[in-house]
Amino acid sequence: MTGSGAGFALVTGASGFVGGHLVEALVAGGYRVRCLVRPQSDRRWLDSLGVSYAAGTVEDAGALRRAVDGVDVVFHLAALTTTARASEYDRINYGGVVRLVDAMAARPVRLVFCSSLAAGGPARAGRPLTEADPPAPIGPYGESKLRGEQVVLSGGVPAVVVRPSAVYGPRERDILAAFRLAARGLAIRTGPRGQQLAMVHVADVVRGLIASARSVTAGGVYYINGGNHPWDDIVTAMGLAVGRRSLVVPLPGVVVRGVSYVAREFARVTSTKALLTPERARDMLQPAWMCDDSRARRELGYAPQIGLTDGMRSTAEWYRSAGWL
């Protein structure tokens, strides 16, 4: 979608955390929105928005062809972020992209692919990553997202790849446990001292995605970030948001890794979501996850509007209002 007018957008992964916020912003901006959803998808944030639905998954080529029919832009957010079986990442995060690009072959409209900082890998040489740095993912999730990027950029459709840093905000569940600990005056340090982390509020990610769709010149890969922060500053901001000062409890890396293996096996046996896996533990133990969003600022007009302190406060307020905290 180019220019300033709204159009007809397809959003895959619409029932997810970022997807739901994106759909809300698109509707508010005058877009007609079609959401690709599974039968079991939680539609609580979508049903009141006046969107249409396309039933199916990214594993269903026919459903994808029907979903892209007639739209002006496709936002691809459907992805597997954690699993007890590493092979599942490629099946969804790579295979799903292959099928989507194939489905779009007869209708080469703009494709905005939401990837991840994990596709670039952790920061190297003590500085934030830029798009010029060769990607070096360290686990199967990042590797699968990078393979998906390569399909998107070579698939013959106008495409933009957005790599957000760690996303937080209202309705996000992965960071909820940290907020609940903070409300009890605790913070668990799983990474090394001095760890640096890139974080971005979901509303800013949505701005970056929409800017990628509307730009007439956008192409290639863009990091989207809200700021690179010392872990201690993140804990302080979270504590301020819940009105408590946190006691920091360091957790040795060997313990983090050990717990991750137990958690993975528990998820396999119970067929539940793996909250911690050895791959995620490896991510948590890296000295730095940082990126530079200068290219997005320069070429897309992207500018994050929600700082860490305000973002943490608004997230905590939403959790309280929803009864989650």
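Worth a mention:
- The translational diffusion coefficient of the stretch 162-220, from Stokes-Einstein at 10 °C and 1.306 mPa s with a Kirkwood hydrodynamic radius over alpha carbon pairs, comes to 114 µm²/s.
- Here the chain carries DSSP beta bridges of which approximately 10% are antiparallel, counting only pairs with both residues inside.
- Rg and Dmax [Cα atoms of the stretch 193-325; Å; Rg one decimal, Dmax integer]: 17.8, 49
- Relative to one another, the C-alpha centroids of the stretch 140-179 and the stretch 11-26 are positioned 13 Å apart.
- Note on the stretch 249-305: Cα-Cα pairs beyond 14 Å make up 66% of the total pair count.
- Look at the alpha carbon pairs under 8 Å that are at least 6 residues apart: their mean separation over the length of the chain gives a relative contact order of 19 percent.
- Report note on the peptides 85-96, 314-325: ranked by the mean count of other C-beta atoms within 10 Å, highest first, their order is 85-96, 314-325.
- Neighbourhood net charge (14 Å Cβ-Cβ; Lys/Arg +1, Asp/Glu -1) for L275: +1
- Selected from G311, G62, G239 as most flexible by GNM, with the chain as the system and alpha-carbon contacts under 10 Å: G62
- Under a Gaussian network description of the chain, with springs only between Cα atoms under 10 Å, the residue in A105, A198, A211 that fluctuates furthest is A105.
- As a rough footprinting exposure proxy, the listed residues T130, T12, T277, T82 were ranked by other beta carbons within 10 Å of their own, and the order from fewest upward is T130, T82, T277, T12.
- Taking the longest Cα principal axis of the chain as reference, the axis of helix 140-153 is set at about 30 degrees.
- Ellipsoid fit via the Cα gyration tensor, the chain: semi-axes of 31, 21, 21 Å, each the root of five times an eigenvalue, largest first.
- Against the empirical curve 2.2 N^0.38 Å, the C-alpha radius of gyration of the stretch 109-200 lands at a ratio of 1.31.
- Farthest toward positive dipole pole in the chain [+1 Lys/Arg, -1 Asp/Glu at C-beta], among S41, A263, L117: A263
- Contour excess over end-to-end distance, with Cα ends at R43 and T309 and 0.36 nm allotted per residue: 92.8 nm
- Quarter of Cα convex hull surface for the stretch 1-52, i.e. mean projection, nm²: 3.4
- Net +/- balance of residues flanking L247 in space, Cβ distance below 15 Å, scoring K and R +1, D and E -1: +4
- Each principal axis of the Cα cloud of the stretch 1-149 was evaluated for its coordinate range; sorted largest first, these ranges are 47, 35, 33 Å.
- Label zone (I138, point 7 Å along Cα-to-C-beta; backbone nitrogen cut-off 12 Å) within the stretch 287-312: 287-290.
- For the chain, built as a Gaussian network whose Cα springs stay under 10 Å, the top-fluctuating residue of T217, T190, T309: T217
- In degrees, nearest ten, helix 17-28 long axis to first principal axis of the chain (Cα): 50
- Relative contact order (%) - the stretch 99-227, alpha-carbon pairs under 8 angstrom, separation at least six: 31
Read-outs throughout are calculated quantities, based only on the coordinates presented, and are distinct from any laboratory measurement. Predicted, not measured: the structure shown is a model, and the values here were computed from it. Here Cβ is always computed from backbone atoms with ideal geometry, including for glycine, and neighbour counts include all displayed protein chains.
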